[in-house]
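For reference, the structure discussed in these notes is given below.
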Amino acid sequence: MNRRSALGVMGTVPLAAGGLLAATGTASAGGATGRARIPAGLRPGGEFDRFVRQQAANDRFSGTVLLVNRGRTVLSRSYGMADKERSIRNGPDTVFALASVSKVFVGVAVAQLAEAGKIAYEAKLGTYLDGFPAEIADTVTVHQMLTHTSGMGDYHQENPEYPRLQDTWTSADQVMDGTMALIRRNRLHFTPGTGYLYSNSAFVTLGAIVAKVSGLSYYDYVRRYVFKAAGMTGADFYARPQARNDRRIAHPYTTTSSGQREDLAGRDFMGLPDGGAFATAPDMARFTSALNGHKLLSRLHTELITTPKVPIATLPPKDGKPAKTMFAGYGPDSALVNGQRILGHNGGSQGIDTAWYTYPYSEWTTVILCNYDAQTSAPIESLLEKLILAQDA
């Protein structure tokens, strides 16, 4: 899936650039000590809560927002419809397509296999997969694929026949094998390690490496060793019939040129490693807890994937916002801003807009899952970041 950059920048960057309205769910400010730490603007009824409600009232947001601080739910709100035709509302346990937030699970899967000695970050792609031309197999490393510095691009954009072929696939194996066949044909955009280009193709390839090394399909590996291990009971990779018919799953709605909301549920038979996972907002909070609690990886390997790896760019101060320095990571990306580090990922395409972020210093986890088009939630994300960063300014 095409995805807006996790930290606001897309494209090639030199490495030196160094419906119906319904609110549901729970809202609390935590216990006595929790209340002392939570800014008024982030509490139930505060500035953020009011803003999200107004955006939903104007049909500019449909989905769930969840704020957690130090393991306690501060705010949980759900608005809009998961399925307009069947009048099913979004709720705190609605399952949403995650788009590129899914890449975080790729990073964890690779790290687990690296910890087990089955994958090496410095190893070349050809160590694990065949069928690639020598210029890719013998030069691109696992590290470069994880950090978008491999020179690989986006199979959506590089293969005009992809939409036609995608419509013919009727199994998970066909989806993976068919997409990998296209990726093997594509050329590098630059010499590996000399630039930055956000790459969906690299993350699908990493998923294929996970499958090859583990002996499981990528989907089964992540189900077992990430979703189940983290207690993510609503998380999965759903095939077309379930995505269309399961009442728990939010349908993605894109806005047409005439301004109508078009239901895109089940347009793909199955999503891919780069953007095909589904989860609830509480699932993503549980994922954060499992990752930080070293239930998925040892402390050492947790630190390895949650620290910045490659500088992407620095955005100067603008419109009252402080400067932000952005880094690619091993799945989760990072930003340094206003004396804090933000870790996470976002994603989006037609009918999908998602964001999962954690603030290691102030121990916030924020989840925004929306079943409208990419960038719909941008004003909500912007205000949330501003209020959290102001807390420790």
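The values are calculated or read from the model by the stated rules, or taken from the named source; none is laboratory data. From a predicted model like this one, the values you see are computed outputs, not experimental measurements. Virtual Cβ from ideal backbone geometry, glycine too; neighbours counted across all protein chains shown. Side chains are part of the model used for accessible areas, which takes the heavy atoms of the whole protein and leaves out ligands, DNA and RNA. Shrake-Rupley method; radii C 1.70, N 1.55, O 1.52, S 1.80 Å.
Let me spell out the model: positive unit charges on the Cβ of Lys and Arg, negative unit charges on the Cβ of Asp and Glu, origin at the Cα centre of region 198-317. What dipole size does that give, in debye rounded to 20?
Details: 14 positive and 9 negative charges, 60 e Å.
It works out to roughly 280 debye.
If I histogram all Cα-Cα distances within region 38-135 using bins 5 Å wide from 0, what percent of pairs lands in each bin?
2, 10, 13, 14, 14, 11, 7, 7, 9, 9, 4, 0
What are the extents of the Cα atoms of region 210-305 along their three principal axes, in Å, largest first?
Here the spans come out as 52, 28, 24 Å, largest first.
Go through region 55-141 and name the GluC sites (Glu not before Pro) that are in a DSSP coil and have 12 or fewer other Cβ atoms within 10 Å of their Cβ.
On the way: sites: GLU85, GLU115, GLU122, GLU135; in loops: GLU85, GLU122.
Passing both the DSSP loop test and the Cβ count: GLU85, GLU122.
For the pairs LYS295/LYS321; LYS212/LYS295; LYS103/LYS321; LYS118/LYS324; LYS84/LYS321, flag any whose C-alpha to C-alpha distance is greater than 30 Å. Working shown, then result.
Numbers: LYS295/LYS321 36 Å; LYS212/LYS295 24 Å; LYS103/LYS321 27 Å; LYS118/LYS324 36 Å; LYS84/LYS321 37 Å.
Listed pairs above 30 Å: LYS295/LYS321; LYS118/LYS324; LYS84/LYS321.
If you keep only loop residues by DSSP, which trypsin sites (Lys or Arg not before Pro) in region 189-262 have at most 10 other Cβ atoms within 10 Å of their Cβ?
On the way: sites: LYS212, ARG223, ARG224, LYS228, ARG244, ARG247, ARG248, ARG261; in loops: ARG247, ARG248.
Answer in residue order: ARG247.
Just the number, please: Stokes-Einstein D of region 305-393 in µm²/s, Kirkwood Rh from C-alpha pairs, 10 °C, 1.306 mPa s. Please list the in-between numbers first.
On the way: Rh = 13.6 Å.
In µm²/s, the coefficient is 117.
Answer rounded, prolate or oblate for region 333-381, using the Cα gyration tensor with square roots of eigenvalues a ≥ b ≥ c: rounded when a/c is under 1.5, else prolate when a/b is larger than b/c, else oblate.
On the way: a/c = 2.63, a/b = 2.39, b/c = 1.10.
The shape class here is prolate.
Within 14 Å, Cβ to Cβ, of TYR330, how many net charges do the neighbouring residues add up to if Lys/Arg are +1 and Asp/Glu are -1?
-2
Let me check I've understood the local charge: for ALA265, count other residues with C-beta under 9 angstrom from its C-beta, Lys and Arg +1, Asp and Glu -1. What total comes out?
Values: positive: ARG240, ARG244, ARG267; negative: ASP83, ASP263.
Net charge around ALA265: +1.
Could you work out how much longer the chain between ASP138 and SER382 gets when fully extended? Use 0.36 nm per residue separation minus the Cα distance between them, nm to one decimal. Before the final figure, lay out each step's value.
Values: separation 244, 0.36 × 244 = 87.84 nm, distance 4.15 nm.
Length gained between ASP138 and SER382: 83.7 nm.
Add +1 for every Lys or Arg and -1 for every Asp or Glu among the other residues with Cβ under 11 Å from the Cβ of LEU206, and state the total. Could you put the intermediate results ahead of the total?
Working: positive: LYS103, LYS212; negative: ASP274.
So the surrounding residues net to +1.
What is region 298-362's relative contact order, in percent, from Cα pairs under 8 angstrom and six or more apart in sequence?
Details: 109 pairs, mean separation 14.1, N = 65.
The value is 22 percent.
Probe of 1.4 angstrom, ligands and nucleic acids ignored: what's the accessible area per residue over the chain, in square angstrom?
Values: 15310 Å² over 393 residues.
Result: 39 Å² of accessible area for each residue.
Return the Rg/Rh value of region 229-359, two decimal places, where both radii are evaluated on C-alpha atoms and Rh is the Kirkwood radius. Don't skip to the end; give the middle numbers.
Working: Rg = 17.5 Å, Rh = 17.0 Å.
So for region 229-359, dividing Rg by the Kirkwood Rh gives 1.03.
Hey, if we sort THR307, THR314, THR147 by accessible area with the 1.4 Å probe, largest down, what's the order? Spell out each step's value before the answer.
Values: THR307 50, THR314 70, THR147 0 Å².
So the residues, ranked largest to smallest area, are THR314, THR307, THR147.
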